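The values are calculated or read from the model by the stated rules, or taken from the named source; none is laboratory data. In this text the structure is predicted, and so the values were computed from the model without any measurement. All Cβ positions, glycine included, derive from the backbone under ideal geometry; neighbour counts span all protein chains shown. These area figures cover heavy atoms from the full protein model, side chains too; ligands, DNA and RNA do not enter into them. Shrake-Rupley method; radii C 1.70, N 1.55, O 1.52, S 1.80 Å.
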Amino acid sequence: MTERLYYEQAYLKEFDAVVLEIQDDRVRLDRSAFYPTSGGQPFDTGRIAEARVIDVQVENGEVWHTIEGKLAVGEKVHCTIDWERRFDHMQQHAGEHMIANAVHRFFGGYTIGLHIGLEISTIDVELPDGRMRLTEEDIARVEDDVNLHIQENLPIRCYFPENVDALPLRKRGDVKENVRVVDIGGYELVPCGGTHPERTGDIGLVKIVDARPSRGKMRLGFLCGGRAFADYRRRYAITERTANALSTSTDNLPSLVEQMSERIKALEHELREANTRRLIESANAMHREECMGFGIVAERVDAEIDSLRALASHLIEREDTYALLETEDGKLLFAKNAAPVHMGKLLSQVGRGGGKPDFAQGMAGEGDALEKAKAILKQQIAEEKAAL
């Protein structure tokens, strides 16, 4: 069975091993410091001799390395870990334990699963009262607690206890034998097979960036260590650049943006109102085609849907009028007042959508939907007249 060096030496960056077995592009060594995907922590990458390691998995207690390159059974190899990736995962994993512990102590939350993504790590939390959200104050309380413990630079110890049942674990896993435990400063004690820093100070910083409902639980998104610092640097640059562009300070930025947003909404409303008035004023110039006592106005107009509705309402103030309207981007709106033909059925014949007898809305199909609708309407008007 593979000797798993990462259990005792999480900071081991290089090691020597012997190739015991090769299956296609997978290699088994006599000893390995490459962490295999497990418990939400992704696999390590690096090199075995000149072969690149692109995946690591455990099968029946053996560690298998998927490689790009050639090796031979019995070959003695020097192996190197992609340390930047490994240390990032160590920071995320240890930070997760501390967040989960704080959520448990403060809110009785039970953490289910860890996922260390390429950008953000997440945990799902089941709260005892069925809540699926935390307030900003709750999140700040968790962050303050975690970062205070980080600054205390507490020791992190990973070991296999002789009697795991005697330990006051925060939660107990499914494994009953050879249970490995992580102890963070004596206050966070939980089964875990992952890699962690030797002290909390190596985590650097923890920031919760998201907290939202997910499948009946609360999903917390967080960043630790280098990820949190990189995120701060990015956000700092964005806020400074934005504040400078608006000639204000970063502290005044939120209120200024709110004011600008309200002003934009007001101007957009004024513009919509002006466009609607202009559109209605142009109604008299629109061609009205007579058909057996009814008028048909079929027009393609450059307008938003709200203005289109106002135009249609204006056109059908005359009871004998059908309004067949289409926007430049293919939205259809058909309307009538007391005329007989069903607008919803008519629209469904030339596009996607439908509606009531007097009003229908949707999207144009292939071809000239407006001309098709007018031809069908004329035919139906004629049929209605003939049936009288």
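In whole angstrom, how far apart do the alpha carbon centroids of the range 300-329 and the range 192-242 sit? When both Cα centres are located, 52 Å separates them.
Beyond 21 Å between alpha-carbons counts as too far, so tell me which of Lys265/Lys356; Lys356/Lys378; Lys336/Lys356; Lys13/Lys176; Lys336/Lys374; Lys331/Lys385 fall in that bin.
Long pairs (Cα-Cα over 21 Å): Lys265/Lys356; Lys13/Lys176; Lys331/Lys385.
Compute the separation of the alpha-carbon centres of the range 330-368 and the range 56-85 and state it in Å as a whole number. About 65 Å separates the Cα centre of the range 330-368 from the one of the range 56-85.
For the set Arg215, Arg241, the ranking by accessible area, highest first and with no ligand, DNA or RNA atoms included, is Arg215, Arg241 under a 1.4 Å probe. Quick one: longest stretch of the chain between exposed loop chymotrypsin sites (Phe, Trp or Tyr not before Pro), exposed meaning at most 15 other C-beta atoms within 10 Å and loop per DSSP? Longest stretch, sites excluded: 188-388. Under 5 Å from the amide H of Tyr322 lie the amide H atoms of Gly295, Ile296, Val297, each residue being 5 or more positions distant or on a separate chain, with H modelled from the backbone and absent for Pro and chain starts. Averaging the sequence gap over all C-alpha pairs within less than 8 Å and six or more residues apart, then dividing by the number of residues, gives the range 1-51 a relative contact order of 33 percent. For the range 148-264, the carbon plus sulfur part of the accessible surface works out to 49%, probe radius 1.4 Å. Under 1.5 on a/c is rounded, so check that first for the range 78-203, then, if it is not, pick prolate when a/b is larger than b/c and oblate when it is not; a ≥ b ≥ c are the square roots of the alpha carbon gyration tensor eigenvalues. Oblate shape, in that a/c is at least 1.5 and b/c is the bigger or equal ratio.
Between Val27 and His65, Thr66, Ile67, the built amide H atoms are under 5 Å apart, and every one of these is 5 or more places off in sequence or on another chain. Full extension of the chain between Glu366 and Glu268 gives 32.1 nm of extra length, using 0.36 nm per residue less the Cα-Cα distance. Counting only protein heavy atoms and a 1.4 Å probe, the chain has 54 square angstrom of accessible area per residue.
Grab the DSSP H runs of the chain that are 4 residues or longer, score each as -39,500 (n - 2.57), total them, divide by all residues and round the 222 nm result to the nearest 500 deg cm²/dmol.
-11000 deg cm²/dmol
Span-like helix criteria (full DSSP H runs; alpha carbon extent of at least 20 Å along the helix axis; mean Kyte-Doolittle hydropathy of at least 1.6) are satisfied in the chain by no helix. Across the range 181-219, the residues whose backbone nitrogen lies under 20 Å from the label position 7 Å along the beta-carbon direction of Thr239 are 205-211.
Look at the alpha carbon pairs under 8 Å that are at least 6 residues apart: their mean separation over the length of the chain gives a relative contact order of 10 percent.
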